[in-house]
Every structure is written in C-alpha cells, then in structure tokens.
1. I need a count of the residues in segment 192-228 that are part of a strand (DSSP E or B) and more than 21 Å from M261 (Cα to Cα).
2. Of the residues A70, A39, A97, only one is modelled with pLDDT of 95 or more, over 23 Å from Q25 (Cβ atoms), touching a Ser or Thr at 6+ places or on another chain (Cβ under 9 Å) and buried (at least 16 other Cβ atoms within 10 Å of the Cβ); which?
3. Could you please find all residues in segment 73-94 being out of contact with any Ser or Thr (no Cβ under 9 Å at 6 or more places or on another chain) and assigned to a helix (DSSP H, G or I)?
4. Tell me which residues, restricted to segment 177-221, are out of contact with any Ser or Thr (no Cβ under 6 Å at 6 or more places or on another chain) and of a type in the set (V, I, T).
5. Working only within segment 170-190, note down all residues that are surrounded by 14 or more Cβ atoms within 10 Å (Cβ to Cβ) and of a type in the set (G, A, S).
6. Could you tell me how many of the residues in segment 3-19 are of a type outside the set (K, R) and outside any loop (DSSP other than H, G, I, E, B)?
7. For segment 149-168, name all the residues that are closer than 21 Å to S236 by Cβ, crowded, with 18+ Cβ neighbours inside 10 Å and in contact with a helix residue (DSSP H, G or I) (Cβ under 8 Å, 6 or more places away or on another chain).
8. Taking segment 25-47, which residues are assigned to a helix (DSSP H, G or I) and within 15 Å of the chain's Cα centre (by Cα)?
Amino acid sequence: MTFATVMVSLALDEPNEARLQIAGQLAEQFDAAIIGIAAAQFSPPLYFTTGQQAQDLIEEGQAAVRKRLAELEAQFREATRHRSRYVEWRSALDFPARFILSESRAADIIVDGGRSPPFADAFSLASPKDLVMQTGRPLLVVPDKMDWLDLRSVLVAWKDTAEARRAVADSMPLLRKARQVTVTEILEQGGSRPVALAGVNDVVAWLSRHGIAAAERVSENNASRNTPLQLDEIASELGASLIVAGAYGHSRFRELILGGMTQHFVTQSSRCVLLSH
C-alpha cells in the first residue's frame, strides 16, 4: 500500500503554508499526485433586502469568493511547483465540507489544518471536524506551525476498536518510513493490563509481519489527566511528531458529535495527527 494521490484542503481565512508544506513532502516521498482543493459559498448578510439590491449584493459576494479561490490556487501551484509530476486544482462555489466530501474519492489521504475554531463558518471552512467522520479517507491534521513531517518516531494510539484498526492500516505507508514506531494503549478505569498488553502485542506482531518493527507500551490511566493529554505527553517523551489514532464520534439528533479524544486532536494538538474512522 502507498499514497498515490495526496489531497490538500485550503482554507479561505486561515494559514495554509503548513499544510501545503506537508502535502508537498508527502507527494515527494511517495512520488504521488497532489490535488489542491478549496470551496466557499457567499454568506448572505443577516439583514433583509430584495430586488436588484439583493442581486447586486449576491453577485459582489460571489465575485469576492471567486477572487479568493483564484488566490488560493496561485498559492497552491507555487507551493507545489517541482514537488509532483501531477498537480491538479479543484475549486467551486459550494459549501466547502460538501465539496471536499464529494471529491475525496480521488485521494488516498487528505491533508488539512488543525486548531479550527469552535464554531466554524460552514460557508467558508471545512474544518477537520467536518471531514474526519465522513470522507472515508485518512485525514492528516497539520498544526499551523508545522513545516516538516518528522517520521523518526511515530506513536500509534491503540484501542481495540474498528476505528483504531482502520487507522493503523491506513497509516502503513507512513509507518514503513518511520524509524521508531510505538503502539500504546492507555488503560481505561478498571481495565485489565494483561488483556491490554495481549492486544498491543498482537498489533506489534502484525506490523512485524508487514516489515515494520514496533515497540509495545501499556500505560496506567492518570485520573488527573485526560487521555488525549496523556497521549501528548507520551508522544513528547518519545519524540514522536506524528500520532496515529482512530476517530470516534456518534450522531445526536443527526448532528455529528466528536468524542473527547478526536475533538482534542482536530483542534488542539501541537503535532501532526493521522485520524481514520
């Protein structure tokens, strides 16, 4: 398995340099195609207007969105010049999450930015929270200050769930390039350490049969620290610049609600995180 096509999502009103750098790096490392993608809708004002005035307002707003999309295309093409033999740009006047979800079929991995605002504007931003549960592709969340995906050490956040299994399988191309891989499970309250260790050892053995040497680690749950913070601390201890994790969530009244760990990784992590659902 490899990454043959890397898709990078650009935001209208957020920094895009970090995600472009990482996407370009992936394209080079895997000799992959790279697709830049962005979309936005004109957000109408809250006040009411009709007739020609309303039409003029809509046309002006759409023209501003088209101009910004053209600027993003220029930024994308400049950042990816000489980094891939195949470079493509896709954009639309559309809700960004909806457009990217429809186009994600063309990609093996999607690169997006982190630290999205708590209440993202659906007219102009497809945040990781919009994408992680629905694209059917691994999502690499890149903090704004990251300019290199350091694969010397990778932390796999293991939990015996379908999401975690999917994340490990999706991350195989990156794990093969890592110097050190550590599979870590944090015991839940009342959890059995022997059972957890047996599961982690199975994952380590499975990776070994794929030519990936990995170490196992089972950590006690610290009641004073939540799981995402404990994983961040372990990653810092190991010098890991990438965390691989399953993305968890559930639907409440048809609205996507992320689990606590996933919410942390798409909004607050200081390192790259590969998430799969």
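1. 2
2. That would be A39, the only listed residue that is modelled with pLDDT of 95 or more, over 23 Å from Q25 (Cβ atoms), touching a Ser or Thr at 6+ places or on another chain (Cβ under 9 Å) and buried (at least 16 other Cβ atoms within 10 Å of the Cβ).
3. Of everything in segment 73-94, those that are out of contact with any Ser or Thr (no Cβ under 9 Å at 6 or more places or on another chain) and assigned to a helix (DSSP H, G or I) turn out to be A74, Q75, F76, R77, E78, A79, T80.
4. Residues satisfying the conditions are V181, T182, V183, T184, V195, V200, V203, V204, I212, V218.
5. Correct list: S171, A178.
6. Total meeting the criteria: 7.
7. L149, L151, V154, L155, V156, A157, W158, listed by residue number.
8. L26, the sole residue that qualifies.
The values are calculated or read from the model by the stated rules, or taken from the named source; none is laboratory data. In this text the structure is predicted, and so the values were computed from the model without any measurement. As a convention, Cβ positions derive from the backbone with ideal geometry for all residues, glycine included, and neighbour counts pool all protein chains shown.
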